[in-house]
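Everything on this sheet refers to the single structure shown next.
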Amino acid sequence: MGKKLTTRSEDYSKWYNELVVKADLAENSAVRGCMVIKPYGYAIWEKMQGELDRMFKETGHQNAYFPLFVPKSLFEAEEKNAEGFAKECAVVTHYRLKNNPDEPGKLMVDPEAKLDEELVVRPTSEAIIWNTYKNWVQSYRDLPILINQWANVVRWEMRTRLFLRTAEFLWQEGHTAHATKQEALDEAMQMNDIYATFAEEFMAIPVVKGSKTENERFAGAEETYCIEALMQDGKALQAGTSHFLGQNFAKAFDVKFASKEGGLEHVWATSWGVSTRLMGALIMTHSDDNGLVLPPNLAPIQVVIVPIYKSEDQLAQISEVANKLTSDLRAKGISVKYDDRDTQKPGWKFAQYELQGVPVRLAIGPKDVEKGTVELARRDLLSKEFVNQDEVVEKVSALMTEMQDSLFEKAKSFRDSHVTEVDSFDEFKKVLKEKGGFISAHWDGSPETENKIKELTKATIRCIPFNQEKEEGSCVLTGKPSSQRVLFAKAY
């Protein structure tokens, strides 16, 4: 399997980059800032997609698809949104290439093929979708519109990192239209709750639900709700956002409906999304110096069976046991791989599956066949034990739940121990430097103070927690009155 990973304590950033590549999740591509998601990495993303898609549909949402290109005039219709994304936009200006007369065999942009209007490669789809909704909405009977799109988007990033920040990434974006403000607010909150449930129940990542400050809101939103997670290096990661857009996009694109009372009103809107950045969160929350640690609910392979043999007769006997176990485990809804390849030795396979975070490994040798046992190894604890073959299915089935819960509790314990209340700016800086994590501190509510703290420390307000009780205090920087603590952290 080659050289071992750099340890997290040695260089966390290097550990992460090596792990993504060595575990066969993704790699850099020939296109600057873009990644190739490899089959094993994509299999994890597909599991995420599948669960989220089910949750969306259970709450009445449907999938659709909208164009990759957005005419510049549509993109700039909602000013705040256009301004917020302007510096990250890739723009198509021509529609044809031609042979270069000065360099045989080379191509050049055909100057005669300039577009009448530039096309923005979508950094987000509000503009093209709301221009479409204008044709879909006439009456209150047409509402609500509950649409989700699985797509790719492009945001031109100067500093990229696999999964966490790439110029092109995969995501889902929900876009809904409602007859009332309250209905839209409820929708935005519901989707934030769905993201939190997914993160905690499937990714085994504890999150803090809250709202963003005005500085940190989505461009064009009136409210942005979020879920914030904490990584092992003490940095926060925004794991999902849901936006109440008010009537901003409806007014920009003139989307009105005839109400029950006979009036003509602008609709109310939301948008919400999570991306392949969740892969980064999954890796950094649970993995260790030996490689990936995957929660069973999202592991593409939950159990791998490795035979240990010297002769074809031994392999035949082992395979008989392995095939029955494979069949019985699959009948319980557990995904199993029987790796009987003769191109790699058992030790190599053990190292590979440990690196790739397969939750349970079963090893079967000739003596196990004789004794009616298998060796069972847990990836989360790196522990081994011998189990009777007739007890394996029940044992593994129980382990799936036990390991899922254990990973969540371990991550929650780490997160809870890294939430620190501070009341002075000196204390704020000390905790940020020496401990990291979330810092719970009073803030006077002004964007100026928020910006100054960011300038001085590189820490931002991650969220105003929903479950935080009101508490009178003094701003950690200015000493001005504050009614509630907020969570600061350095973040990805």
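Worth a mention:
- When Gln49 is tested against (1) under 30 Å from Gly246 (Cα atoms); (2) in contact with an Asp or Glu (Cβ under 6 Å, 6 or more places away or on another chain); (3) among the polar types (S, T, N, Q), exactly one condition is not met: (2).
- The residues in segment 88-113 that are touching a helix residue (DSSP H, G or I) at 6+ places or on another chain (Cβ under 7 Å) and either of a type in the set (Gly, Ala, Ser) or outside any loop (DSSP other than H, G, I, E, B) (or both) can be counted, and the count is 1.
- Among the residues of segment 250-284, the one identified as among the basic types (Lys, Arg) and part of a strand (DSSP E or B) is Lys256.
- Some residue of segment 119-133 being open to solvent by 90 Å² or more (accessible area, probe 1.4 Å), of a type in the set (D, E, K, R) and not in a loop (DSSP other than H, G, I, E, B): no
- Residues of segment 31-78 classified as basic (Lys, Arg) and surrounded by fewer than 16 Cβ atoms within 10 Å (Cβ to Cβ), total: 4
- Test: residue in segment 445-467 that is among the hydroxyl-bearing types (Ser, Thr, Tyr), at pLDDT 95 or above and in contact with a Cys (Cβ under 8 Å, 6 or more places away or on another chain): yes
- Candidates are the residues of segment 123-143 that are without any contact (Cβ under 8 Å) to a residue 60 or more places away in the chain and under 21 Å from Thr180 (Cβ atoms); the one that is nearest to the chain's Cα centre (by Cα) is Trp136.
- If only residues of segment 240-249 that are part of a strand (DSSP E or B) and open to solvent by 10 Å² or more (accessible area, probe 1.4 Å) are counted, the one that is farthest from Trp130 (Cα to Cα) is Thr241.
- Filtered residue count, segment 208-238, keeping only those that are open to solvent by 10 Å² or more (accessible area, probe 1.4 Å) and either among the hydroxyl-bearing types (Ser, Thr, Tyr) or in a helix (DSSP H, G or I) (or both): 5
- Of all residues in segment 428-453, those satisfying the criterion of being open to solvent by 30 Å² or more (accessible area, probe 1.4 Å), without any contact (Cβ under 8 Å) to a residue 24 or more places away in the chain and under 21 Å from Asp233 (Cβ atoms) are Lys430, Lys433, Glu434.
- Sole exception among (1) surrounded by 14 or more Cβ atoms within 10 Å (Cβ to Cβ); (2) without any contact (Cβ under 8 Å) to a residue 60 or more places away in the chain; (3) more than 17 Å from Asn152 (Cβ to Cβ); (4) not hydroxyl-bearing (Ser, Thr, Tyr) for Gly84, by number: (2)
- Qualifying residue in segment 65-87 (condition: touching a His at 6+ places or on another chain (Cβ under 9 Å) and either assigned to a loop (DSSP other than H, G, I, E, B) or not aromatic (Phe, Trp, Tyr) (or both)): yes
- Here segment 331-360 is the region considered, the condition is being basic (Lys, Arg) and either under 24 Å from the mean Cα position of the chain (by Cα) or farther than 15 Å from Ile308 by Cβ (or both), and the residue that is least open to solvent (accessible area, probe 1.4 Å) is Lys337.
- Once segment 280-293 is narrowed to residues that are surrounded by 24 or more Cβ atoms within 10 Å (Cβ to Cβ) and within 14 Å of the chain's Cα centre (by Cα), the residue that is nearest to Glu222 (Cα to Cα) is Ala281.
- Candidate set: segment 8-30, residues that are farther than 17 Å from Gly357 by Cβ and part of a loop (DSSP other than H, G, I, E, B); chosen: the one least open to solvent (accessible area, probe 1.4 Å): Ser29
- Some residue of segment 171-181 being buried (at least 23 other Cβ atoms within 10 Å of the Cβ), among the charged types (D, E, K, R) and closer than 22 Å to Ile464 by Cα: no
- For segment 203-245, filtering for residues that are out of contact with any strand residue (DSSP E or B) (no Cβ under 8 Å at 6 or more places or on another chain) and closer than 24 Å to Leu146 by Cα leaves 1.
- Residue among Asp328, Asp368, Asp313 that is over 23 Å from Met48 (Cα atoms), open to solvent by less than 40 Å² (accessible area, probe 1.4 Å) and either touching a Lys or Arg at 6+ places or on another chain (Cβ under 7 Å) or not β-branched (Val, Ile, Thr) (or both): Asp368
- When segment 472-489 is filtered for residues that are more than 16 Å from Glu427 (Cβ to Cβ) and outside any strand (DSSP E or B), the ones remaining, listed by number, are Glu472, Lys480, Ser483, Gln484.
The values are calculated or read from the model by the stated rules, or taken from the named source; none is laboratory data. If you're wondering where the values come from, they're calculated on a predicted model, not measured in any experiment. With ideal geometry, Cβ positions are generated from the backbone for all residues, glycine too; neighbour counts draw on all protein chains shown. Areas reflect the complete protein model, heavy atoms only, side chains present, ligands, DNA and RNA absent. Shrake-Rupley method; radii C 1.70, N 1.55, O 1.52, S 1.80 Å.
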